[in-house]
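Engineer: Questions regarding the structure given below will be posed in turn.
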Amino acid sequence: MARKTADRKFDSLGLQFRSPENCIMTADFAGALSFILIIFYNCSDQVINTKYQRVAKSREAAARHARETAQARERWGLVKDVAKKRAFGLQQQLSRSFSKKMSVKQGARGAFNLPKTNDEASIPPKGSSSSAGKGKKKEPSDLTKMMHSIENETDNMEGFHMQIGDKNIKKQAINAKKLHTRSQIFKYAYGQLEKEKAMEQKTKNMTFSGVISMATDDNTEIKTRPPIEIAFKDLTITLKKKHKHLMRSVTGKLMPGRISAVMGPSGAGKTTFLSAVAGKLTQCTLSGMVLINGRAESIHSYKRITGFVAQDDIVHGNLTVEENLRFNARCRLAADLPKADKVLVVERVIESLGLQAVRDSLVGTVEKRGISGGQRKRVNVGMEMVMEPSLLILDEPTSGLDSSSSNLLLKALRREALEGVNICMVLHQPSYTLYKMFDDLVLLAKGGLVAYHGPVKKAEEYFANLGIAVPDRVNPPDHFIDVLEGMVKPGGGVTVEQLPVRWMLHNGYPVPPDMMQLCDQIAMSSKGVAAAPDQSFPVDAWHEKRDSLSHGLLKSHDLSNRNTPGVNRQYRYYLGRVGKQRLREAQIQAADYLILLVAGACIGILSSQKGDTFGYSGYTYSIIAVSLLCKIAALRSFSLDKLEYWRERESGMSSLAYFLSKDTIDHFNTVIKPLVYLSMFYFLNSPRSSFGTNYLVFLCLVYCVTGIAYVFAICFAPGQAQLWCVLVPVVLTLIANQEPDSTAGKLAKFCYPRWALEAFVVASAQRYSGVWLIARCGKLLELGFDVHSWNTSLILLILTGVVSRLIAYVCLVCLKKK
C-alpha cells in the first residue's frame, strides 16, 4: 500500500519512477537480444553454406558415378569391338580352310568320279534345314539382316529403319518423372551429359560402325525447338520527338538454326536493330513490315520462348552462379517438365559455358567482390540459355571476354543453333576464328542502312566485286568496318555513301527518294552494278502491303505453346530466392536492429513520462524515429534490384509473385523491429500502458510505413526515395501536433502519425480509472483524442498499409523502364 502511494506521488509530481526490478529486466532483455543479434550476424551465412556443402557432395558423387559408368561403357565397347574383330577373323580363317578343303575334295571326286562319303552326304545343302534332330536353323539377328541389306543394296536405306537391339530399351529407359531424391536426379543429369559427350565424340568422326552404333541407340534423336523466323522489309525506325531516323529501309530475314552477326561502326544502329527485333524499343515509331513465321504477329506473342541478353550484365550479385541459373530455369521452362530434366538443362549450360569452378560462388556486387567480369558475362548469357529459347538475341556478348572465353561461348551457342534456335548477336571486332563460326552477316553503315546482309562465306566475294578487296593478313570484318567508318578509302570508284544504295539495287529493294542521286552516281560509274550473291530473301515472297508497326498496334496473344509455372509456384520460387538474399544480408539487418536499439534507449531515457500528458512527447519522438528508420530499411526491398525486375518482367515472369514474396519476407522485420525498439524504450521510459498494447501499436505503425516506403522505392530513384522517407514522417508528425481547430489540425485527421499518437495516448489513458482519469480528461480534450478510438486508430493504420501496397503494386506493373 505504501509502495502504490509513493508511485502516485511521483506520478502527480510529473516524475518517473524506475524500480530496481525494471532496471534488472531491461539489462537482462538487452543482453539476451544482443546475444541473439550476434549469433544472427555471424551464423546466418553458415546456414546456407552448410546446406550447399551437402548438395555439393551429392553432386560430386553423382558426377563421379556417371564418369565411371561412361568409362566402363567405353571399355566394354572396346572389348566388344576387339572380340568382334577376332571372331570375324577366326570365322574368315575357318571359312577359307573349309572352302579350300571342300574344293580339293570336289576336284578329286570330279576327276575320278568318286561317290560322296557319309560325312559329306550328311552335310545339308546351303539354304536347307537339318533333319537330324537339331530342329530349325537359328535365324540371323536383326543387326545381321541390316548389315547384309546395306552391303547388298547400297542405294536402299530401308535397312536403317529395321528394329535392332533390345526391344525393351525404351521400357528400360529412366523416367525423369519418377526421380525424386537429390542423388537420383544428379545421377540422371550427369548420366545424360556423359551420353551427350559420347555422342558428340562419335559424330566428329562418323564411320560405318558409328552409323550402326547410332542406329542401335534409341536416344540419338536430335532435340529440336519450335522455329521462329523473323522477316522484315523496309523497316524504318524514327524517334518520335526529334523525327530522326535511327534505321532506314532495312530488309532481310533471320533464319532458325543459324547464327547471325550484326556488325558496323559506332552509331550505325546495331543495338537499335536488335531492340526492334526483340520488341523492346520505346519512344520510337516503326514503319515497314515485320513477319514472324510468315505472319504479321507481335514478337511479344513469343516472349516465353524468346531470350534477350542485354549489353549490361544484369545479374543478382547476392546469389551464386547456380542459383541465378536455376531460378530462371524453374520460372521459365515448361511447368510440366520434370525436375530432373530442369536440373539437366542447368547442368548442361554450366558445363557448356565453363562455369563449373565458380558454380557455388557469389556473382558479386560493387561493394562485394565476386566472380570475374568474363564469368559474369557468361552467367548473363546462361540465364537466357537455361530457358531453352527458340529465338536468342544477344547484345555484345563477347565484350570483355578473352579469345578463349569467346570461343567457348560461341561453341555453346553453336550447339543451341543445332537444335533450331534462331540466334542474332552484335559484335565488335571479332577474331577471324569467331568470324568464321557465324552463318550470316548483317553489316550496317552509318545512318542505320544495310551495306550487306547475307552468308558470311560470300561477304568477301561481294565486296571484292565492288572493288573492296581485303588485304593480306587483315581480318575481313575489321576491314569492312574501317571502310564504313571512313578510315579506309574503298577502291574502284566506290564511295562509302554508295554502299547501302548498291546493296538495295543489287537485291531490287526500293531506294528512298532522298538517295536517288546516289543511284545516278552509280549509273555513271565505270564499274556498274556488281553481281549479287545468291539471295536467301526473295522479294516475291513479300506482300506489297505496307503497314505501320509498333508495340501497341498488334495485340499480343501467346503463341509460344509453352505453359510456364503459375503465380503460386513462382511465388514459392521467389520466396526461396528472397529468403536467401536476406540471409546473406544479415549484417545489414543486424545493423538496422542495432540502430533501433540505440534509438529506443536514447528516446526512452531522454523523454520524460508525465502522468498528465500520458507520455505524449516520448511517443511523438518514437513515431518519427521508427517511421524514418523502417522506411529507409524498406527501400532496399525494391530500390536495389529494379534492373533485375525489369528483365524478369519482360521475359514473362509474374510481377505479383515478385511483389508478394518481397512483402512476405519483410513481414519478418515488421514483427521483429517493434520488439527490438520496445526492448529499450519500454523499460527505460516505463509508460502506463502494457508492453503488449505498445507492441500492437508499433506493429501496425511499422506495417503502415513499410507500405508507404514501397511506393517511394518503386516510383522514385534511390536518392529521391530516401529524401521522401526522411521528409514525410517529420512533416506529417508536425501536422499531427497542430491544434485540432486549425486548418492544419483538420488535415491531421488524415495523417498516420495522428492515428498512432491517438492509439498510444488512449492506451495509456485506459490504465487510469476514477478520479485519476477525470483529472486528465482535459488533456485528452485538448489533444482531440477519444478514449474509445483505440481500435479505430489501429484499423486506419492497417488500411493505410494495405492501400499503400496496392498503390505500390500498380506502380510496379504500370511504370516502364526509362
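Engineer: Give me a comma-separated list of calculated 3J(HN,Hα) values for segment 683-692, in order, Karplus coefficients 6.51, -1.76, 1.60 applied at θ = phi - 60°, integers in Hz, x for any Gly or Pro.
Structural biologist: Along segment 683-692, the couplings run 7, 8, 9, 6, x, 5, 5, 6, 5, x Hz.
Engineer: Starting from 0.36 nm per residue, how many nanometres of slack lie between residue 469 and residue 245 once their C-alpha separation is accounted for?
Structural biologist: Working: separation 224, 0.36 × 224 = 80.64 nm, distance 3.06 nm.
Length gained, residue 469 through residue 245: 77.6 nm.
Engineer: Additional query: Excluding residue 809 itself, what net charge comes from residues whose Cβ is under 13 Å from its Cβ, given Lys and Arg +1 and Asp and Glu -1?
Structural biologist: Once positives and negatives cancel, what remains is +2.
Engineer: Ordered by residue, what ³J(HN,Hα) values in Hz, to whole numbers, does segment 229-242 give under the Karplus form 6.51 cos²θ - 1.76 cosθ + 1.60, where θ = phi - 60° and Gly and Pro are x?
Structural biologist: 3J(HN,Hα) across segment 229-242, in whole Hz: 10, 10, 10, 9, 9, 6, 6, 10, 10, 10, 5, 5, 7, 8.
Engineer: By average Cβ neighbour count within 10 Å, what is the ranking of 493-506, 699-712 from highest down?
Structural biologist: Output ranking for 493-506, 699-712: 699-712, 493-506.
Engineer: Where a ≥ b ≥ c are the square roots of the eigenvalues of the C-alpha gyration tensor, would you call segment 328-367 rounded, which needs a/c under 1.5, or, failing that, prolate if a/b is larger than b/c, or oblate?
Structural biologist: Values: a/c = 3.26, a/b = 1.69, b/c = 1.93.
Oblate is the answer for segment 328-367, as a/c is 1.5 or above yet b/c matches or exceeds a/b.
Engineer: Considering only the other residues whose Cβ falls under 11 Å of the Cβ of residue 432, what net charge follows from Lys and Arg at +1 and Asp and Glu at -1?
Structural biologist: Working: positive: 436, 473; negative: 478.
So the surrounding residues net to +1.
Engineer: Continuing with this model, one more query. Mind checking which of 268, 300, 327 is farthest towards the positive end of segment 234-375's charge dipole, using Cβ charges of +1 (Lys, Arg) and -1 (Asp, Glu) about the Cα centre?
Structural biologist: Checking the options against the dipole of segment 234-375, the answer is 268.
Engineer: I would also like to ask the following. Would you calculate the separation in nanometres between label points at residue 667 and residue 351, each defined as 7 Å from the Cα along the Cα-to-beta-carbon direction?
Structural biologist: Label-label distance for residue 667 and residue 351, simple model: 4.2 nm.
Engineer: Here's another thing I want to ask about it. Dipole of segment 232-312, Cα-centred, from +1 at each Lys and Arg C-beta and -1 at each Asp and Glu C-beta, to the nearest 20 debye?
Structural biologist: Computed charge dipole of segment 232-312: roughly 160 debye.
Engineer: How would you rank 731-737, 301-307, highest first, on the average number of other Cβ atoms within 10 Å across their residues?
Structural biologist: Ranked by mean Cβ neighbours within 10 Å, highest first: 301-307, 731-737.
Engineer: Order the peptides 366-373, 234-241 from the highest to the lowest mean number of other Cβ atoms within 10 Å of their residues.
Structural biologist: Details: 366-373: 12.5, 234-241: 15.5.
Those peptides, ordered most packed to least, come out 234-241, 366-373.
Engineer: Once the piece of chain linking residue 414 and residue 336 is laid out straight, how much longer is it, given 0.36 nm per residue of separation minus the C-alpha distance between them?
Structural biologist: 25.4 nm is the gain from fully extending residue 414 to residue 336.
Engineer: List the chymotrypsin sites (Phe, Trp or Tyr not before Pro) in segment 565-642 that DSSP assigns to loop (not H, G, I, E or B) and whose Cβ has at most 13 other Cβ atoms within 10 Å. Which are they?
Structural biologist: Details: sites: 571, 573, 574, 593, 614, 616, 619, 621, 638; in loops: 614.
Within segment 565-642, no chymotrypsin sites (Phe, Trp or Tyr not before Pro) qualify (loop, at most 13 other Cβ atoms within 10 Å).
Engineer: Can you give the extra length, in nm with one decimal, that the chain gains between residue 75 and residue 283 once fully stretched, where that is 0.36 nm per residue apart less the Cα-Cα distance?
Structural biologist: Net length gain for the segment: 68.6 nm.
Engineer: For residue 449, list long-range residues whose amide hydrogen, built 1.01 Å from N in the peptide plane, is under 5 Å from its own amide hydrogen.
Structural biologist: 248
Engineer: For the cross-link pairs 240/662; 377/457; 80/339; 580/642; 253/816; 342/580, which exceed 25 Å when the distance is taken from alpha carbon to alpha carbon? Spell out each step's value before the answer.
Structural biologist: On the way: 240/662 37 Å; 377/457 29 Å; 80/339 36 Å; 580/642 18 Å; 253/816 30 Å; 342/580 21 Å.
240/662; 377/457; 80/339; 253/816, as the Cα separations exceed 25 Å there.
Engineer: Hey, another quick one. Go through segment 628-638 residue by residue and turn each phi into a ³J(HN,Hα) via Karplus (6.51, -1.76, 1.60, θ = phi - 60°); whole Hz please, and just put x for glycine and proline.
Structural biologist: Here the 3J(HN,Hα) series is 5, 5, 6, 5, 5, 5, 6, 4, 5, 5, 10 Hz.
Values in this text are rule-based calculations from the coordinates and carry no lab data. Only a predicted model underlies this, so the values are computations on that prediction, with no experimental measurement involved. In this analysis, Cβ positions are derived from the backbone assuming ideal geometry, glycine residues included, and neighbour counts consider all displayed protein chains.
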